[in-house]
Amino acid sequence: MPDRERQVTRAFVALADTLVDDYDVADLLHTLVVQCVELLDVAAAGLTLADERGGLQVLASSTEQARLLELFQLDIDEGPCVECFTTSTPVLVADIAAAAARWPRFAAEAAKDGFASVHAVPMRLRRQTIGALNLFGHSPGELSADDVALAQGLADTATIGILHERAFRQGELLSEQLQTALNSRVIIEQAKGVLAVSGRLSMDAAFTALRGYARRNNRRLSDVARALADRDLAPAVVLAPSTVSRPR
């Protein structure tokens, strides 16, 4: 099997691996954006989901720069992410500068952050769209049709996980899953800040440390973040290399 096929297979296995009972939504979404950067010709990825009031929220990003640009889009209600969610169709922009008339403020901000292309695919299942997956490039250029299809396939897989069959059976629909994810994201941002200050790290490095500790110790990402935010877990323990907590 060629390397590309192996990588794609591993990506879908990694996503499927999270779709178990009591899975961690925050970890699922971060896995999605990381896999997109590893598999596609993009520099960064971000993901937005609609909350129970229908407003978009940033839930995952591969870099802090991408997260801030996503937040900017939502704040000004302008950009490919917003348009993708509104229309439920992919928005593929090979050259952001050439689309400046379409999204003037977004284009200017993207240029400041060093992004020159953006491709957004909807997070959707049948007629229900719950968010958008956004792929950013440092250079102008189109994504191949195969890469667009792969991005949509990864987004669809994650969407099915979020809209878990259990939620439909229990009549919970979308709101509980998304609210849990939103609450987790707030706690994770707080924990990243704690680690960044304590270890003098960038926010990206702080998240890498947080996620690494959670995975090494077989703990939910949101639970570790909450323990840090509540000061039940010392930052030094999380930042120590290859630390594995021992049962008391």
Residue count for the stretch 10-38, restricted to those that are at pLDDT 70 or above, open to solvent by 10 Å² or more (accessible area, probe 1.4 Å) and farther than 22 Å from VAL224 by Cα: 4
Within the stretch 115-127, restricting to residues that are part of a loop (DSSP other than H, G, I, E, B) and at pLDDT below 95, the one that is most open to solvent (accessible area, probe 1.4 Å) is ARG127
Sole residue being outside any helix (DSSP H, G or I), modelled with pLDDT under 90 and closer than 18 Å to GLY131 by Cβ, chosen from LEU92, LEU59: LEU59
From SER198, SER144, which residue is surrounded by fewer than 17 Cβ atoms within 10 Å (Cβ to Cβ), within 28 Å of GLN7 (Cβ to Cβ) and modelled with pLDDT of 80 or more? SER144
Taking the stretch 77-106 and keeping residues among the aliphatic types (A, V, I, L, M) and in contact with a strand residue (DSSP E or B) (Cβ under 9 Å, 6 or more places away or on another chain) leaves VAL82, VAL91, LEU92, VAL93, ALA94, ILE96, ALA99
Mind listing whichever residues of the stretch 107-156 are free of Cβ contacts under 8 Å to residues at least 12 places away in the same chain and under 17 Å from ALA66 (Cβ atoms)? ALA107, ALA108, LYS112
Matching residues, the stretch 75-89, being over 11 Å from ALA120 (Cβ atoms), open to solvent by less than 40 Å² (accessible area, probe 1.4 Å) and part of a helix (DSSP H, G or I): ILE76
As an exercise: evaluate ALA108 against (1) under 21 Å from the mean Cα position of the chain (by Cα); (2) outside any loop (DSSP other than H, G, I, E, B); (3) surrounded by fewer than 17 Cβ atoms within 10 Å (Cβ to Cβ) and give the number of the one condition it does not meet. (1)
Could you run through the stretch 147-161 and say how many residues are at pLDDT below 85 and surrounded by fewer than 16 Cβ atoms within 10 Å (Cβ to Cβ)? 1
In the stretch 39-53, what residues are of a type outside the set (A, V, I, L, M, F, W, C) and either part of a strand (DSSP E or B) or open to solvent by 40 Å² or more (accessible area, probe 1.4 Å) (or both)? ASP41, GLY46, THR48, GLU52, ARG53
Flagged in the stretch 59-70 as under 20 Å from SER222 (Cα atoms) and open to solvent by less than 20 Å² (accessible area, probe 1.4 Å), in numbering order, are LEU59, ALA60, SER61
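The values are calculated or read from the model by the stated rules, or taken from the named source; none is laboratory data. None of the values given here were measured: they were computed from a predicted structure. FYI the Cβ positions are ideal-geometry reconstructions off the backbone, even for glycines, and counts take in every protein chain you see. Accessible surface is based on the protein model in full, side chains and every heavy atom, while ligands, DNA and RNA are left aside. Shrake-Rupley method; radii C 1.70, N 1.55, O 1.52, S 1.80 Å.
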